[in-house]
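Report on one structure; see the data block that follows.
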Amino acid sequence: MTDTPSIRTVTVGLGTRAYSIRIGAGLLARAGAELAAVLPGARVAIITDEHVAVAHLPALQDGFNEQGIGHSALVLPAGETTKSFEHLQAAVSAVIDARLERGDAVVALGGGVIGDLAGFAAGIVRRGMHFVQLPTSLLAQVDSSVGGKTGINTAQGKNLVGVFHQPRLVLADTSVLDTLPEREFRAGYAEVAKYGLIDKPDFFAWLEENWREIFAGGPARTEAIAISCQAKADVVARDEFETGDRALLNLGHTFGHALEAATGYNSARLVHGEGVAIGMALAHRFSARLNQASPDDAARVEAHLKTVGLPTRLADVPGGLPDAERLLGYIAQDKKVQRGALTFILTHGIGQSFIARDVPASAVLAFLEQESAGS
Ligand SMILES: NC(=O)c1ccc[n+]([C@@H]2O[C@H](COP(=O)([O-])OP(=O)(O)OC[C@H]3O[C@@H](n4cnc5c(N)ncnc54)[C@H](O)[C@@H]3O)[C@@H](O)[C@H]2O)c1
Ligand SMILES: O=C(O)C(=O)C[C@@H](O)[C@H](O)[C@H](O)COP(=O)(O)O
Ligand SMILES: [Zn+2]
């Protein structure tokens, strides 16, 4: 597909499984043509949620009709609890009922919840079907639609059941963000800031200067999305299955996932990006406590997250949390645990994150007790 000046393309370099992330306004209406260019003759099963269906499903279906692409649609409830066995079963059944073949495609139209669930279904029906991501939240456009992690949650922890299954194409239509609620935009921004905090201090400084323009829309927003996608594509191409430095993308997640599980995946109390924001603030304060980073850097991170309206403390989670010991129990289920030893993404400062293996559980517990007491 030839590029138009307003569409930017980032490539995820996975050899014969390489794919494009196309970013720009109006891509949803053109999705039929874009998909047909990559998967000629494929029929599709669209999986979406109730909010996104109202705002964007008809435009997608019109584009598929224009291209003569056969399609079905499954509309699921919105929210984190949809990443469950129950809704996985519904997604799998919908794809099989539509009699899609292995060479057809599952299309995720939605945020990260729909992307993770639909990707999992695509990865297991007929032992792996084509998968296309049409991310509609900021979080999905900068993070979850890229890299092939799919899955669902269980009561014991986040994303504990799933498969790696890469998409064939990602179409990030920036204009669909106009209907995204402000709280969800803010939550997605946490994952944008994450890329700066991992290893791009200049990007973090740029975000501190330009966040208002990113929230307002326009070129700064598209630039932030493209930089984020390039950052993630680079890591995924190096380490698709997280045997090495892909784990850095988990900055803030060891704590954040524990908070999501502890709140029962109740999106009214905490959404993923908010958990990541608190988790990143905690990771920086924990690093300072372990004398790995300066408290000034931890304070700078917290200040920026607070400025954009994100939570940064355990006390910011409405409705209260279990005690430190129970939170540690969720952390012990983290997928980075090796032979029982905890792994955290810590930092030496802004943009200087590193993977810390064998972090003593006693140190984590003492830190969480201190944070729970509000000091
Ligand atoms: N696979 C990965 O690499 C990866 C990366 C980051 C996050 N995740 C996962 O992503 C999930 C969070 O994703 P999310 O923040 O997109 O949440 P989400 O999918 O729940 O979407 C957030 C809310 O916004 C609504 N919405 C989405 N797009 C909209 C639009 N354009 N207009 C109106 N409403 C819209 C949704 O209906 C939902 O209510 C978590 O489950 C997290 O674990 C996965
Ligand atoms: O793609 C990755 O790798 C990430 O870690 C990105 C995270 O933002 C994302 O939330 C991911 O789903 C977390 O992965 P998990 O392996 O801890 O479930
Ligand atoms: Zn995340």
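The values are calculated or read from the model by the stated rules, or taken from the named source; none is laboratory data. The shown structure was predicted, so the numbers you read here are calculated from the model rather than taken from an experiment. Methodologically, a virtual Cβ is constructed for each residue, glycine included, from the backbone with ideal geometry; neighbour enumeration extends over all protein chains shown.
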In region 52-65, is there at least one residue being at pLDDT 95 or above, outside any helix (DSSP H, G or I), in contact with a strand residue (DSSP E or B) (Cβ under 9 Å, 6 or more places away or on another chain) and not hydroxyl-bearing (S, T, Y)?
-> no
Unmet criterion (only one of (1) touching a strand residue (DSSP E or B) at 6+ places or on another chain (Cβ under 8 Å); (2) assigned to a helix (DSSP H, G or I); (3) farther than 24 Å from E34 by Cβ) for A190 = (1)
Considering (1) surrounded by 22 or more Cβ atoms within 10 Å (Cβ to Cβ); (2) more than 25 Å from G256 (Cβ to Cβ); (3) of a type in the set (S, T, Y), say which one T150 fails and leave the rest.
-> (2)
Filter pass, Q133 being among the polar types (S, T, N, Q) and touching a strand residue (DSSP E or B) at 6+ places or on another chain (Cβ under 6 Å) | yes
Filter region 97-112 for residues that are within 26 Å of D173 (Cα to Cα) and among the small types (G, A, S); the one that is farthest from ligand 2 (Cβ to nearest atom) is G103
Give A262, A258 a once-over and let me know the one that is within 16 Å of ligand 3 (Cβ to nearest atom), over 22 Å from V146 (Cα atoms) and either touching a residue at least 40 places away in the same chain (Cβ under 8 Å) or surrounded by 20 or more Cβ atoms within 10 Å (Cβ to Cβ) (or both).
-> A258
Pick from A118, A78, A94: which is within 23 Å of A172 (Cα to Cα) and assigned to a helix (DSSP H, G or I)?
-> A118
Exactly one of (1) touching a Gly at 6+ places or on another chain (Cβ under 7 Å); (2) surrounded by 24 or more Cβ atoms within 10 Å (Cβ to Cβ); (3) among the aliphatic types (A, V, I, L, M) is unmet by L207. Its number?
-> (2)
G252 meets each of (1) on the phi < 0 side of the Ramachandran plot; (2) within 16 Å of ligand 2 (Cβ to nearest atom) with one exception, condition (1)
Would region 349-372 turn up any residue that is of a type in the set (V, I, T), closer than 20 Å to A288 by Cα and touching a Pro at 6+ places or on another chain (Cβ under 9 Å)?
-> yes
Flag if D296 is among the acidic types (D, E), loosely packed, with under 15 Cβ neighbours inside 10 Å and closer than 23 Å to F354 by Cα = yes
Residue identified as modelled with pLDDT of 95 or more and not in a helix (DSSP H, G or I) among T16, T48, T2 | T48
Of the residues in region 275-303 that are more than 21 Å from K336 (Cα to Cα) and among the charged types (D, E, K, R), the one that is farthest from ligand 3 (Cβ to nearest atom) is D296
Helices (runs of 4 or more DSSP H) contained entirely in region 261-375, each with at least 1 residues that are among the basic types (K, R) = 272-289, 295-307, 324-331
May I ask you to verify whether R212 is in contact with a helix residue (DSSP H, G or I) (Cβ under 7 Å, 6 or more places away or on another chain), free of Cβ contacts under 8 Å to residues at least 60 places away in the same chain and of a type in the set (K, R)?
-> no
Is there a residue in region 77-90 that is in contact with a helix residue (DSSP H, G or I) (Cβ under 8 Å, 6 or more places away or on another chain), surrounded by 17 or more Cβ atoms within 10 Å (Cβ to Cβ) and basic (K, R)?
-> yes
In region 91-115, what residues are closer than 18 Å to E50 by Cβ and within 22 Å of the chain's Cα centre (by Cα)?
-> A91, V107, A108, L109, G110, G111, G112, V113, I114, G115
Going by the conditions given, is A277 surrounded by 21 or more Cβ atoms within 10 Å (Cβ to Cβ), within 19 Å of the chain's Cα centre (by Cα) and either among the β-branched types (V, I, T) or not assigned by TED's automatic domain parsing to the domain that holds N159 (or both)?
-> yes
Considering only residues that are within 16 Å of ligand 2 (Cβ to nearest atom) and among the acidic types (D, E), look in region 188-204 and name the one that is surrounded by the fewest Cβ atoms within 10 Å (Cβ to Cβ).
-> D199
